[in-house]
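All of the numbers you see were taken from the coordinates with simple rules; none came from a lab. A quick note: this is a predicted structure, and the numbers were derived from the prediction, not measured. A quick note on method: Cβ atoms are made from the backbone with ideal geometry, for glycine too, and the neighbour counts reach across all protein chains shown.
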């Protein structure tokens, strides 16, 4: 798995959930299908007058979520920015060509008058596959994006009692000095931290 494959899977999903926050910090989410994909970037259309557009212009941070029929969760965390004005019509045309229904929503030149196109070229993708055992998860950068560590790790305070391994739903903790969590199979459930008698488990990141 890699970032390019994850973007292709999002394309197959089609309709994605886009999350932002409003001026009061309240979460806002909506489904978007007006999207054009490049090899390592995506472009999406919205109208200037929508709250979604205002939130993106004010902050830019967005999370995009898709879920496949194979129980794969793909989450893209990024900062969206408006495309250059000189390129706006080009990307609008590309999006409308791939999504013909949009011409019924914005007929004629209304799409150019109303439309904004945002691009995401840098970000982080989290891939989380619940349809396999053990589960599989990994993170990939897009463009200049960085990967953040999440989950849990076992520190040198570990006494080797094995309580963490015994209570791991995915059995992804290996004996050692200290015990080791196989990060690609970790649910991030926190059981290991909850049962450790010496508090040797700490959050990553």
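When both residues are 6+ apart or on different chains and their Cβ atoms are under 8 Å apart, which pairs have a first residue that lies in the range 77-96 and is farther than 15 Å from residue 46 by Cβ, and a second that is in a helix (DSSP H, G or I)?
89/112
Hey, which of the strands (runs of 3 or more DSSP E) in the range 2-60, taking only ones fully inside, have at least 1 residues that are surrounded by 14 or more Cβ atoms within 10 Å (Cβ to Cβ) and in contact with a helix residue (DSSP H, G or I) (Cβ under 7 Å, 6 or more places away or on another chain)?
16-21, 35-38, 41-47
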